[in-house]
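Undergrad: The structure's right below; bear with me while I get my questions together.
Every read-out reported here was derived from the displayed coordinates using simple, explicitly stated rules and does not represent laboratory data. Every value quoted in this text rests on a predicted model; they were computed, and no experiment measured them. We place every Cβ from the backbone using ideal geometry, glycine too, and count neighbours over all the protein chains shown.
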Amino acid sequence: MAGNSQEYISHHLTNLTYGKLPAGYVRHNADGTESELTEATWTMAHTKQEAADMGFMAVNVDTLGWSFGLGALLMFLFWRAAKKASTDVPSGFQNFVEMIVEFIDNTVKEAFHGRNPLIAPLAMTIFTWVFMMNFMDLIPVDVLPTIFGAMGVHYMKVVPSTDVNITFGLSLTVFAMMIFYSIKVKGIGGFMGELTLQPFSAKNPVVQAIFIPINLILESVALIAKPISLALRLFGNMYAGEMIFILIALMFSAGAALAIMGGVLQWAWAVFHILVITLQAFIFMMLTIVYLSMSHEDH
């Protein structure tokens, strides 16, 4: 049972990976046989070990597919809401979209202290997209992997925000925008001044020169910590939530009593997790607004 449980958990936490296997690589086939590659080959990984051996250039196909698909779904829904918008009695969907837009618009007005027409649409995109990626965690863990498994797909991890590649992709994009607007608003000199002339300063130029490398180290660490914490906070919370759903799902194969208990626990955790996925989307959006607001502030 322990071996089966470990295999079950490992399977649900493995991405559908496409990458390059080197020449001479020995592949372990599903029927128990082995085959050696005569030349370097780009292919789908059949095992977790193959996915690891593909290295840095491997692509998590399921993560990209679900994240792009959810992004396209959001664009379609907002396009439809805009197209159907009416000044007469609005529909329930129009009311819902307007409520989200107004909420994010007010949040940006309160937290962002510069002038940039990009921030509100960016905040809207981040909140709704991250929420939709998180929302996939509420789908029962065996449903989609079973459907795709019947079609011959080895792995299918359906929660993009449990893939650290996605969370770091989002946070590094925010980080690039922070650097860009810091230089644009403050200039190279102003940006470097923020990194070298604080938090320690002195009127004596000799003492200030001594403080410059210390300030640079401290401010650089603080700057780099922002995208790292932004990515790992979202990844860690969603990964933990997914793991709990997987562990609860194991109870359904351990007898009728545990299956009933598992059903109750799954329902209770799903209700609580609705708050988690919404809160994580809001935190990611809020920190993005705050970081970009700091980039627009000229000391």
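Undergrad: Mind checking which of Thr167, Thr41, Thr107 has the largest fluctuation in a GNM of the chain, springs on alpha carbons under 10 Å?
TA: Among Thr167, Thr41, Thr107, the largest mean-square fluctuation in the Gaussian network model of the chain belongs to Thr41.
Undergrad: Give me a comma-separated list of calculated 3J(HN,Hα) values for the stretch 6-23, in order, Karplus coefficients 6.51, -1.76, 1.60 applied at θ = phi - 60°, integers in Hz, x for any Gly or Pro.
TA: With coefficients 6.51, -1.76 and 1.60, one gets 5, 5, 4, 5, 4, 5, 6, 9, 9, 7, 6, 10, 10, x, 10, 9, x, 4 Hz.
Undergrad: Using only Cα atoms, find the angle between the long axis of helix 92-111 and the longest principal axis of the chain, and express it within 0 to 90 degrees, rounded to the nearest 10.
TA: Compared with the principal axis, the helix lies near 40 degrees.
Undergrad: Per the helix-only calculation at 222 nm, which mean residue ellipticity applies to the chain, given -39500 (n - 2.57) for every DSSP H run of n ≥ 4 and division by its residues, nearest 500 deg cm²/dmol?
TA: Mean residue ellipticity at 222 nm (helix-derived): -24000 deg cm²/dmol.
Undergrad: Given labels modelled 7 Å from the Cα in the Cβ direction, how far is it in nm from Leu232 to Met57?
TA: In this crude spin-label approximation the distance works out to 2.9 nm.
Undergrad: Using Cα pairs closer than 8 Å and at least 6 residues apart in sequence, work out the relative contact order for the stretch 62-296, in percent.
TA: 30 percent
Undergrad: At 0.36 nm per residue, and after removing the present C-alpha to C-alpha distance, how many nm does the segment from Thr33 to Ile212 gain when stretched out fully?
TA: 58.2 nm
Undergrad: Once you've got the GNM for the chain with C-alpha springs shorter than 10 Å, pick whichever of Ala202, Ala123, Ala268 has the biggest mean-square fluctuation.
TA: Looking only at Ala202, Ala123, Ala268, the largest GNM fluctuation is found for Ala202.
Undergrad: How much net charge surrounds Glu219 when only the other residues with a Cβ under 13 Å from the Cβ of Glu219 are counted, with Lys and Arg +1 and Asp and Glu -1?
TA: The answer is 0.
Undergrad: Does the stretch 67-133 come out rounded, prolate or oblate by the C-alpha gyration tensor, with a ≥ b ≥ c the root eigenvalues, rounded set by a/c under 1.5 and, if not, prolate when a/b is larger than b/c and oblate if not?
TA: The shape class here is oblate.
Undergrad: Label-point separation (nm) for Ala254 and Met286, each offset 7 Å from Cα along Cα-to-Cβ?
TA: Reported label-point gap for Ala254 and Met286 is 3.6 nm.
Undergrad: What FRET efficiency comes out for Phe93 versus Ile244 if R0 is 41 angstrom and r is the Cβ-Cβ distance? Round to the nearest 0.05.
TA: The calculated FRET efficiency here is 0.80.
Undergrad: Rounded if a/c is under 1.5, else prolate if a/b beats b/c, else oblate: with a ≥ b ≥ c from the C-alpha gyration tensor eigenvalues square-rooted, which is the stretch 2-60?
TA: It is oblate, given that a/c is not under 1.5 and a/b is not larger than b/c.
Undergrad: Once label points are set 7 Å from the Cα along Cα→Cβ at both Leu73 and Thr41, what is their separation, rounded to one decimal in nm?
TA: Taking the simple label geometry, Leu73 and Thr41 are separated by 3.4 nm.
Undergrad: Taking neighbour Cβ counts within 10 Å as the exposure measure, how do Lys84, Lys157, Lys203 sort from fewest upward?
TA: Exposure proxy ranking, most exposed first: Lys203, Lys84, Lys157.
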